[in-house]
Amino acid sequence: MIKCQVVVEAMDRLAPRYLAENWDNVGLLIGNPAQEITKILTCLDVTEKVIDKAICENYNMIISHHPFLFKGIKKIATDKPLGRMLQKILSNNIAIFAAHTNLDTTYGGVNDVLAQKLQLTEVKPLTISYREEILKLGVNVPNDYADAVREALAKAGAGAIDNYSDCSFTYNGTGYFKPLENSNPFIGQQNKLSNVQEVRIETILPSKIKNRVIKAMLKAHPYEVPAWDIIPTENIYHENGLGRIGKLTNPITLDEFAQRIKQSLPGDTFRYVKGNDKLVKKVALCSGAGVEFLDKAAMQGADTYITGDVKYHEAQHAQELGVNIIDAGHFGTELPIVETLAQYLQEENIKQKWQITITADNDATDVFTTIK
């Protein structure tokens, strides 16, 4: 068995919490990080049906996309739906975890899964809400220890650029220093000016792992007091945000594309508004309720925009912009992530040897029923 915190850390690797919008509520919402986990159920919503399934089948952790607790609670009435569900969760010691807008935003998350299902290529973020700050670290190392320090930096996560790892630059120089009283020099003698042939190693790292990289560097470095520095840069290697925009390899008609969506996504509440007479080629999307990004999609040249929960006047606005808008439903655009989450956790289960059971909820249905 594993601790809940181990699963939380795995989820944070997939969908870091710093990617969540400020208004969101993500992470471990109910439960103890130290509690033992044997079975995990992934789902879109923590409904009473999902809770009852977890109790009946002995799941002790539920990982959902939509947060079970979103707004502050002033009282818990167990004769009301929320209070009744909370009572069941707490009575059965079930941990509740949510990955919401951070899972929408992250690479490989909700919007990337949606783009993949619709066969989009050249996919990139529709909006930019996060830019990773990149730092440059430089450290002087005696020649014989350069490889060891370089390796420690890389293992800590420094030197990663897109599909490349262990990236660094070195140049040679001479280091001068005088060990004073009470020093314990690795090289040289107290009160004598010394010089050593050294290598200057420079590499880059995301600011979020700065402390980890510095700790690894200091541990590998032979000197009592190494010479090193960190410099901010204006480089951007990773930026992300809500929504995606991409292209179809082979443009098709709007009717054909609408049929592709209907066949690829769950639910039956699909509808669209025609905004132009072009073949569908450049497509933007945002899972859930993302009509707020319609204008961004139009400005970036999208001929078609896919989201859910579209209102009448928003559809009119799409026509005015000359953009087709397809309402594929909140449920339809987000449910596919439930299986993806289960697959990711199962891979972690095997890799980390957790030896637990992970299942995707396959009983969920859209709250809306289309009148035929």
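If the elastic network links every pair of Cα atoms under 10 Å, which of 241, 275, 329 fluctuates the most in the Gaussian network model of the chain? With Cα springs under 10 Å in the chain, the top fluctuation among 241, 275, 329 is at 275. Taking a straight Cα-Cα cut-off under 20 Å and skipping sequence neighbours fewer than 8 places away in the same chain, the lysines within cross-link reach of residue 210 are 136, 155, 219. Residue-wise HN-Hα couplings along the stretch 205-214, as the Karplus relation 6.51 cos²θ - 1.76 cosθ + 1.60 with θ = phi - 60° gives them from phi, are 7, x, 4, 5, 10, 3, 4, 5, 5, 4 Hz; Gly and Pro carry x. For the peptides 177-187, 131-141, 60-70, the ranking by packing is 60-70, 131-141, 177-187, with the highest mean count of neighbouring Cβ atoms within 10 Å listed first. Spatial offset of the stretch 149-175 relative to the stretch 312-372 amounts to 39 Å, using the alpha carbon center of each. For the pair residue 119 and residue 187 in one chain, pulling the backbone fully straight at 0.36 nm per residue adds 18.4 nm over the alpha carbon distance.
Loop only by DSSP, 16 or fewer other Cβ within 10 Å of the Cβ. Give me the GluC sites (Glu not before Pro) in the stretch 1-62 that pass, ordered by residue number.
Details: sites: 9, 21, 36, 48, 57; in loops: 21, 57.
Loop-located and lightly packed - 21, 57.
Hey, what's the stretch 1-146 come to in accessible area per residue, 1.4 Å probe, Å²?
Values: 6810 Å² over 146 residues.
It amounts to 47 Å² per residue over the stretch 1-146.
Computed about the Cα centre, the dipole magnitude for the stretch 213-357 is approximately 360 debye when only Lys and Arg (+1) and Asp and Glu (-1) carry charge, each at its Cβ.
Backbone geometry of the stretch 225-240 corresponds, through the Karplus equation with coefficients 6.51, -1.76 and 1.60 at θ = phi - 60°, to 3J(HN,Hα) couplings of 9, x, 9, 8, 8, 10, 10, x, 10, 9, 5, 10, 9, 9, 9, 7 Hz, x marking Gly and Pro. Among 298, 342, 148, the largest mean-square fluctuation in a Gaussian network model of the chain (Cα springs under 10 Å) belongs to 148. A cut-off of 5 Å between modelled amide H atoms, ignoring neighbours fewer than 5 places along the same chain, links residue 242 with 127, 129. For residue 135, the residues whose amide H sits under 5 Å from its own are 205, 207, ignoring neighbours fewer than 5 places away on the same chain, with H placed 1.01 Å from N. The apolar share of the surface of the chain, taken as the fraction of accessible area on carbon and sulfur atoms (1.4 Å probe, ligands and nucleic acids excluded), comes to 49 percent.
The Cα atoms of the stretch 73-143 cover 68, 45, 23 Å along the three principal axes, with the biggest extent listed first.
Stretch residue 234-residue 21 to full length: gain in nm at 0.36 nm per residue minus the Cα-Cα span? List each step's numbers first, then the result.
Values: separation 213, 0.36 × 213 = 76.68 nm, distance 2.34 nm.
So the extension gain works out to 74.3 nm.
Charge dipole (Cα centre; +1 on Lys/Arg Cβ, -1 on Asp/Glu Cβ; no other charges) of the chain amounts to roughly 460 debye.
Suppose R0 equals 51 Å. What FRET efficiency, 1/(1 + (r/R0)^6) with r the Cβ-Cβ distance, do residue 202 and residue 311 give to the nearest 0.05?
Values: r = 53 Å, r/R0 = 1.04.
That gives a FRET efficiency of 0.45.
Averaging the Cα positions of each part gives two centres, and for the stretch 11-26 and the stretch 221-299 these lie 18 Å apart. Farthest toward the positive end of the dipole of the chain, out of 297, 78, 245, is the Cα of 78, where the dipole comes from beta carbon charges about the Cα centre. The alpha-carbon atoms of the stretch 261-314 define a convex hull whose volume equals 95 cubic angstrom per residue.
Amide H contacts for residue 21 (H built 1.01 Å from N in the peptide plane; partners 5 or more residues away or on another chain; cut-off under 5 Å): 101, 102.
Do any GluC sites (Glu not before Pro) in the stretch 233-309 lie in a loop, going by DSSP, with at most 13 other beta-carbon atoms within 10 Å of their beta carbon, and if so which? Please report the intermediate quantities before stating the final value.
Numbers: sites: 234, 239, 256, 292; in loops: 234.
Qualifying residues, ordered by number: 234.
Take the Cα of residue 262, step 7 Å toward its Cβ, do the same at residue 300, and the gap between the two points is 2.8 nm. Report the relative contact order of the stretch 45-164, percent, no decimals, based on alpha-carbon pairs under 8 angstrom and at least 6 residues apart. This gives 20 percent for the stretch 45-164. A Cβ-based charge dipole, computed about the Cα centre of the stretch 1-139 with Lys and Arg at +1 and Asp and Glu at -1, lands at about 340 debye. Over the Cα atoms of the chain, the radius of gyration divided by the Kirkwood radius equals 1.09; this is the Rg/Rh ratio.
Extension gain, residue 274 to residue 34, is 81.1 nm, computed as 0.36 nm per intervening residue step minus the present C-alpha separation. For the chain, the relative contact order works out to 19 percent when only alpha carbon pairs closer than 8 Å and six or more residues apart are counted. Net charge in the neighbourhood of residue 348 (other residues with Cβ under 11 Å of its Cβ; Lys, Arg +1, Asp, Glu -1) is +1.
Positive-end ranking of 26, 306, 225 along the dipole of the chain, with charges on Cβ about the Cα centre, is headed by 225.
The values are calculated or read from the model by the stated rules, or taken from the named source; none is laboratory data. These figures come from a predicted structure and were not determined experimentally. All Cβ positions, glycine included, derive from the backbone under ideal geometry; neighbour counts span all protein chains shown. Only protein heavy atoms, including side chains, enter the accessible area calculation; ligands, DNA and RNA are left aside. Shrake-Rupley method; radii C 1.70, N 1.55, O 1.52, S 1.80 Å.
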